[in-house]
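The values are calculated or read from the model by the stated rules, or taken from the named source; none is laboratory data. Quick caveat: nothing in here was measured; it's all calculated off a predicted structure. Using ideal geometry, Cβ is built from the backbone for each residue, glycine included, and neighbour counts are taken over all protein chains shown.
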Amino acid sequence: MSNRLLVLFVLAFGLLCACREGKAQDGRRRIAVIPKGTTHEFWKSIHAGAESAGRQLDVEVLWKGPLREDDRDEQIKVVEDFITRRVDGIVLAPLDDAALIPCVRDAVREGIPVVIVDSDLSWDGRVSFVATDNFVGGALAARKLGELLEGAGRVLVMRYLEGSASTMKREEGFLTTLTDEFGQIEVVSSNQYSGATTEGAYRTAENLLIQFADVDGIFCSNESATFGMLRALQDAGLAGQPRFIGFDPSQKLVEALRAGELDALVIQDPVAMGDLGIRAMVDHLEGRPVEARIDTGVVVITKDDMDEPRQRALLDPDLSILER
Amino acid sequence: MKERLRKLLPILGPFLGLAFVLALFTAIGPEGFLSSYNFRTVATQTVIVGLGALGMTYVIISGGIDLSVGSVIALASVITALVLDAGHDALTACVAGVGTGLACGLVNGLLITQLGIVPFIVTLGMLGIARGLAKYLADEQKVDAPTSWITDLMTKAPEPAWLFFAPGVWLLFALAAVLALVLRSTVFGTHTFAVGSNEATAELCGVRVTRVKVAIYALCGACAGLAGVMQFGRLTVGDPTTAMGKELDIIAAVVIGGGSLAGGEGRILGSLVGAFLMSYLANGCNLIGAPTFIQEILIGCIIIAAVALDRLRHAAR
């Protein structure tokens, strides 16, 4: 019995030692980067950006997401365990603007500075907030659509989710810019929400298109809403007819852009988010001043410029640095 | 001597498991694993599964199962947030949260006994109902609520500092002590074991099986409700998607702690130790930076090993 236990112990010990991360005995700084999830391309891009900044600045990047995606409690645990490990700094993309506050406050109390990326936290104890300026993203979409419609027409906005701060900023930026700069354009609908799933977005889009089949322009504020609208347009045989601008890339959306079913995509730069997040943290640790708000940039990509190198890199980020 | 050891083994089993995990990670030696800060962190992380496991121990001893606890935790956290947000004081919110759990448990118990449907199915139904209700009430979003002392229940820097643990951890310990006492020295406790060992015999001996069962599921629901209040305290928001799959962690804690799914066996202290074992395992894996899947595989192995040891013990008898 005790022999068997010993064997088990040795086995488990070996297994765990094998997958253990290196200890910081070389004196390099260790910075934890905590995404909202780990599977989505967007987070992998952030990882790639952080990793490359880490190599350039000679700091170790510890990457760990919540056990279950979109689980606030699990993300809190990840933060807590990094506090225990006494990392030098934490770069966090919080799943929730309120729920993560207590554990981030714990980190700061224990002397570990925190940089927030992607989505903000309603707390000003953070070093910096590194993210896309979503209002500007929406405004860029409005200008592009205004230009495509030559300043006149009927426009439809399908919103994403009530209470989702980033997409609401995009919609606000879009609508404000459209009414301010293009007085001739009429917004026929802007109160429908797609919901969190592609399926829900598809259904909402179908209903909207029945009501507004002759609409001239469409804007959707995130990837799933854009894809749901695209599917509904394809089904109704309307794809390519109204001018259509979406937000965030996916393989299907890039194909649609190439096929002319989508006129433009507003693209964020997650690689820059990871990169600038690490740089802000290192600057802070070395006592240099850090801006409280760092904009990682947002661009509009159309069919005409989608194959230029800079655009290419945003649509299909280079993740080779993550390969072992 | 050997006879005595055999009797002690079921009680010592979970402790041995915990010692095994602690020794394992101490040997690997990630930074901070044995620090008091980490002890405090792990204890706080254990509160929700621990509270759920207390009620689940009763259910499993009685030969039943409750798959709805994860969803009930989410529902209770949403209700607590809604009541607070409506301007009521924190105590009312806590009572509402626990009451929600109690109500869900009562419904479970009544459906099981009155309709004669097996607990697995009834509570599987409740898993969906409570989760859906939580999402409906929360409008499919998290529910923000004003700050109150409920949040302080789960803080790792408690006031006054001599408390050391978060108040929620003390609450877990106190409730565990009470429920262990009830299980061991009251008629209700004896009847719980009787129902789980042999329901027909218990009925013949004059145990009101229906009543006992309803009470057991209500108790389990109330524990889940309290866990929901604590979940709210930890998150500071009511979250309808929280604790997804937590029921399996809770059942695992009870099984590691010596509970038998066939009924008639289980210990409150064992379940508590089981909950700590799982927390330490997850914590240790995080600290050494092992990928998440290693942690999931390890927990799976531990569950099977715990039950296998249990079978060996029975065979030896």
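Listed conditions (1) surrounded by fewer than 24 Cβ atoms within 10 Å (Cβ to Cβ); (2) away from chain A (no Cβ under 14 Å) are all met by B:A305, apart from (2).
Among the residues of the range A:284-298, those that are among the aliphatic types (A, V, I, L, M), within 25 Å of A:R170 (Cα to Cα) and surrounded by 16 or more Cβ atoms within 10 Å (Cβ to Cβ) comprise A:I294, A:V298.
Looking only at the range B:187-203, decide whether some residue is in a helix (DSSP H, G or I), of a type in the set (D, E, K, R), free of Cβ contacts under 8 Å to residues at least 12 places away in the same chain and surrounded by 14 or more Cβ atoms within 10 Å (Cβ to Cβ). Within the range B:187-203, one or more residues are in a helix (DSSP H, G or I), of a type in the set (D, E, K, R), free of Cβ contacts under 8 Å to residues at least 12 places away in the same chain and surrounded by 14 or more Cβ atoms within 10 Å (Cβ to Cβ). Would a scan of the range A:186-194 turn up a residue that is among the hydrophobic types (A, V, I, L, M, F, W, C) and surrounded by fewer than 20 Cβ atoms within 10 Å (Cβ to Cβ)? Within the range A:186-194 (the criterion being among the hydrophobic types (A, V, I, L, M, F, W, C) and surrounded by fewer than 20 Cβ atoms within 10 Å (Cβ to Cβ)), the answer is yes, since at least one residue qualifies.
Here B:Y37, B:Y58 are screened, and the one residue that is more than 10 Å from every other protein chain (Cβ to nearest Cβ), of a type in the set (F, W, Y) and in contact with a helix residue (DSSP H, G or I) (Cβ under 7 Å, 6 or more places away or on another chain) is B:Y58. For A:D81, indicate whether it is out of contact with any strand residue (DSSP E or B) (no Cβ under 7 Å at 6 or more places or on another chain), facing chain B (nearest Cβ under 10 Å), crowded, with 21+ Cβ neighbours inside 10 Å and assigned to a helix (DSSP H, G or I). Criteria met by A:D81.
Can you name the residue in the range A:18-33 that is at pLDDT 75 or above and within 11 Å of chain B (Cβ to nearest Cβ) and, of all such residues, is surrounded by the fewest Cβ atoms within 10 Å (Cβ to Cβ)? So, considering only residues that are at pLDDT 75 or above and within 11 Å of chain B (Cβ to nearest Cβ), the one surrounded by the fewest Cβ atoms within 10 Å (Cβ to Cβ) is A:R30. Somewhere in the range B:134-149, is a residue away from every other protein chain (no Cβ under 13 Å), touching a residue at least 40 places away in the same chain (Cβ under 8 Å) and touching a Pro at 6+ places or on another chain (Cβ under 6 Å)? Yes, the range B:134-149 has at least one match.
Scanning the range A:43-56 turns up no residue that is within 13 Å of chain B (Cβ to nearest Cβ) and either closer than 19 Å to B:G284 by Cα or among the small types (G, A, S) (or both).
Only one of the numbered conditions (1) modelled with pLDDT of 90 or more; (2) of a type in the set (S, T, Y); (3) surrounded by 12 or more Cβ atoms within 10 Å (Cβ to Cβ) is not met by B:S148, and that is (1). Please indicate, with yes or no, whether at least one residue in the range A:249-262 is touching a Lys or Arg at 6+ places or on another chain (Cβ under 9 Å), of a type outside the set (S, T, Y), under 18 Å from A:V215 (Cβ atoms) and crowded, with 21+ Cβ neighbours inside 10 Å. Among the residues of the range A:249-262, at least one is touching a Lys or Arg at 6+ places or on another chain (Cβ under 9 Å), of a type outside the set (S, T, Y), under 18 Å from A:V215 (Cβ atoms) and crowded, with 21+ Cβ neighbours inside 10 Å, which makes the answer yes.
Of the residues making up the range B:256-277, not a single one is modelled with pLDDT of 85 or more, in contact with a Gly (Cβ under 8 Å, 6 or more places away or on another chain) and over 27 Å from B:F120 (Cα atoms). Hey, any hits in the range B:234-254 for a residue that's touching a Lys or Arg at 6+ places or on another chain (Cβ under 7 Å), assigned to a helix (DSSP H, G or I) and within 14 Å of chain A (Cβ to nearest Cβ)? Within the range B:234-254, one or more residues are touching a Lys or Arg at 6+ places or on another chain (Cβ under 7 Å), assigned to a helix (DSSP H, G or I) and within 14 Å of chain A (Cβ to nearest Cβ). Just one of (1) more than 24 Å from B:S197 (Cβ to Cβ); (2) at pLDDT below 90; (3) within 14 Å of another protein chain (Cβ to nearest Cβ) fails for B:M1. It is (3).
Looking only at the range A:262-281, decide whether some residue is part of a loop (DSSP other than H, G, I, E, B) and more than 22 Å from A:E51 (Cβ to Cβ). Scanning the range A:262-281 turns up at least one residue that is part of a loop (DSSP other than H, G, I, E, B) and more than 22 Å from A:E51 (Cβ to Cβ).
Considering only residues of the range A:164-185 that are surrounded by 14 or more Cβ atoms within 10 Å (Cβ to Cβ) and among the small types (G, A, S), which is nearest to the other protein chains (Cβ to nearest Cβ)? Checked the range A:164-185; the qualifying residue nearest to the other protein chains (Cβ to nearest Cβ) is A:S164. The numbered conditions (1) within 19 Å of the chain's Cα centre (by Cα); (2) in contact (Cβ under 8 Å) with a residue 40 or more places away in the chain are all true for B:V182 except (2). Among the residues making up the range B:249-285, a single one is under 11 Å from the mean Cα position of the chain (by Cα) and without any contact (Cβ under 8 Å) to a residue 60 or more places away in the chain: B:A252. For the range A:159-187, the set of residues classified as within 20 Å of A:T302 (Cα to Cα) and either among the polar types (S, T, N, Q) or in contact (Cβ under 8 Å) with a residue 60 or more places away in the chain (or both) consists of A:R170, A:T177, listed by residue number. If the condition is being hydroxyl-bearing (S, T, Y) and in a helix (DSSP H, G or I), then the range B:48-69 contributes B:T57, B:Y58. Tallying residues that are farther than 14 Å from B:V95 by Cα and within 14 Å of another protein chain (Cβ to nearest Cβ) within the range B:193-232 yields 1.
Restricting the range B:11-34 to residues that are closer than 25 Å to B:T155 by Cα and more than 8 Å from chain A (Cβ to nearest Cβ) leaves a set whose member that is surrounded by the most Cβ atoms within 10 Å (Cβ to Cβ) is B:L18. Scanning the range A:59-78 for residues that are modelled with pLDDT of 90 or more, more than 9 Å from chain B (Cβ to nearest Cβ) and closer than 18 Å to B:Q231 by Cβ returns a single hit, A:Q75.
Just wondering, is there one or more residues in the range A:110-123 that are without any contact (Cβ under 8 Å) to a residue 60 or more places away in the chain, assigned to a strand (DSSP E or B) and in the same structural domain as A:R279 (by TED's automatic domain parsing)? The answer is yes; a qualifying residue exists.
When we screen A:A141, A:A107, A:A99, A:A93 for residues that are in contact with a Phe, Trp or Tyr (Cβ under 9 Å, 6 or more places away or on another chain) and either within 12 Å of chain B (Cβ to nearest Cβ) or farther than 30 Å from A:T204 by Cβ (or both), the only hit is A:A107.
Checked against (1) more than 19 Å from A:F42 (Cα to Cα); (2) within 14 Å of chain B (Cβ to nearest Cβ); (3) touching a residue at least 40 places away in the same chain (Cβ under 8 Å), A:S128 meets all criteria but (2).
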